[in-house]
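Written below as structure tokens is the structure these notes are about.
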Amino acid sequence: MIAHRGASAHAPENTRVALRLAIEHGADGVEVDVQRTSDGVPVLVHDSDWRRTTGHAAAVRELPWKRVCQLDAGSWFSPHCSGVRPGTLDDALEVAGTALVNLEIKSPHLDAALSTTVAARVRARGLQERVLLSSFDRASIDALAEAHEDLELGYLAHRAIESPHPRVQTLVLLFAVVLADPGIVRGAHATGRGVVVYSVDDVETAGRLRRAGVDAIITNHPQRLRQAWQPR
């Protein structure tokens with residue numbers, strides 16, 4: 001059970017608050033989006049600009065950290081979250097504790113140093129075994145696979161993956177793809193790979209995916225799905 005951008009149904013996404021709440025709600029891990037500020041600080045933000053989550057129209061790569069840390073990333077979600085600042089990569093690695101952390105590397109083709117910066121932070125903390133680096137940019141994941149034997153890597157995709165790099169052991173797929181063809185999971189498992197699906201918030205769909213054999217589900221509602229699977 002991996003919390004999508006933290007417990008984003010109950011707290012402003014990609015913030016320290018959402019990450020902490022996800023762990024409190026029983027998530028086994030958190031998924032966050034990583035980009036860099038103009039001065040190279042890895043921050044947690046999904047969109048290419050700050051408009052939706054802070055009201056600031058600037059692109060993520062245009063602002064330095066000293067300006068980003070002053071942005072209000074909570075008021076758009078709720079007045080009670082006013083003043084919550086955008087999260088950072090360090091927040092994700094610290095708050096998650098011993099939980100899994102799925103770092104989605106956003107648009108690395110627009111920031112050539114992003115992938116290597118994120119990988120270096122993970123390796124410097126010795127967290128290679130519980131951090132998954134994933135991206136829709138297959139080339140960047142393949143490059144990391146060639147450069148580092150100790151990183152956990154995954155392809156993000158809207159469809160089945162063909163001829164994955166032998167070092168890439170996780171497929172992060174749109175849940176509808178797996179529901180349409182459960183054989184994808186069996187095929188992945190046959191080659192020693194895990195399958196993660198995104199993003200699922202209803203219990204019935206999650207149950208179908210679980211029965212199909214998926215290894216993890218990314219959800220905005222970790223508490224809802226966790227409670228539904230409590231032993232009786």
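The values are calculated or read from the model by the stated rules, or taken from the named source; none is laboratory data. Quick caveat: nothing in here was measured; it's all calculated off a predicted structure. Methodologically, a virtual Cβ is constructed for each residue, glycine included, from the backbone with ideal geometry; neighbour enumeration extends over all protein chains shown.
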Response to the item:
All-but-one check, SER115 against (1) within 19 Å of HIS189 (Cα to Cα); (2) buried (at least 17 other Cβ atoms within 10 Å of the Cβ); (3) touching a helix residue (DSSP H, G or I) at 6+ places or on another chain (Cβ under 7 Å), failing number (1)
Worksheet item: Under 9 Å by Cβ, and 6 or more places apart or on different chains, what pairs join a residue from segment 39-67 that is on the phi > 0 side of the Ramachandran plot with one that is of a type outside the set (Lys, Arg) and in a helix (DSSP H, G or I)?
Response: GLY40/TRP65; GLY40/THR117
Worksheet entry | Tabulated pairs, segment 219-232, first farther than 16 Å from LEU100 by Cα, second modelled with pLDDT of 90 or more and not in a loop (DSSP other than H, G, I, E, B), C-beta under 6 angstrom, 6+ apart or interchain | LEU225/ALA206; LEU225/THR219; ALA228/VAL203
Practice prompt. Might you check whether a residue that is small (Gly, Ala, Ser), under 21 Å from LEU19 (Cα atoms) and in contact (Cβ under 8 Å) with a residue 40 or more places away in the chain occurs anywhere in segment 98-116?
Written response: yes
Fill in: Subset of segment 136-160 [of a type in the set (Gly, Ala, Ser) and touching a strand residue (DSSP E or B) at 6+ places or on another chain (Cβ under 8 Å)]
SER140, ALA145, GLY154, ALA157, ALA160
Discussion item. Please list, ordered by residue number, the helices (runs of 4 or more DSSP H) wholly in segment 1-80 having 1 or more residues that are of a type in the set (A, V, I, L, M) and more than 17 Å from the chain's Cα centre (by Cα).
Written reply: 65-68
Worksheet item: List the pairs whose first member sits in segment 127-154 and is without any contact (Cβ under 8 Å) to a residue 60 or more places away in the chain and under 15 Å from ALA112 (Cα atoms), whose second member is surrounded by fewer than 18 Cβ atoms within 10 Å (Cβ to Cβ) and not small (Gly, Ala, Ser), and whose Cβ atoms are under 7 Å apart, counting only residues at least 6 apart or on separate chains?
Response: ASP137/HIS109; ASP142/HIS165
Worksheet item: Restricting attention to segment 14-38, which residues are without any contact (Cβ under 8 Å) to a residue 60 or more places away in the chain and either under 14 Å from VAL84 (Cα atoms) or polar (S, T, N, Q) (or both)?
Response: LEU21, THR37, SER38
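Yes/no per residue for (1) modelled with pLDDT of 95 or more; (2) crowded, with 16+ Cβ neighbours inside 10 Å; (3) over 24 Å from GLY194 (Cα atoms):
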{"position": "VAL30", "(1), (2), (3)": "yes, yes, no"}
{"position": "GLY74", "(1), (2), (3)": "yes, yes, yes"}
{"position": "HIS80", "(1), (2), (3)": "yes, no, yes"}
{"position": "GLY87", "(1), (2), (3)": "yes, yes, yes"}
{"position": "ALA92", "(1), (2), (3)": "yes, yes, no"}
Practice prompt. Please specify each residue of segment 143-191 satisfying the condition of being among the acidic types (Asp, Glu), surrounded by fewer than 17 Cβ atoms within 10 Å (Cβ to Cβ) and over 16 Å from LEU209 (Cβ atoms).
Written response: GLU146, GLU149, ASP150, GLU162
Worksheet item: What is the one condition in (1) at pLDDT below 95; (2) under 14 Å from the mean Cα position of the chain (by Cα); (3) hydrophobic (A, V, I, L, M, F, W, C); (4) more than 17 Å from LEU19 (Cα to Cα) that LEU171 does not satisfy?
Response: (1)
Discussion item. Against the conditions (1) touching a residue at least 40 places away in the same chain (Cβ under 8 Å); (2) out of contact with any helix residue (DSSP H, G or I) (no Cβ under 8 Å at 6 or more places or on another chain), where does ARG121 fall short? Just the number, please.
Written reply: (2)
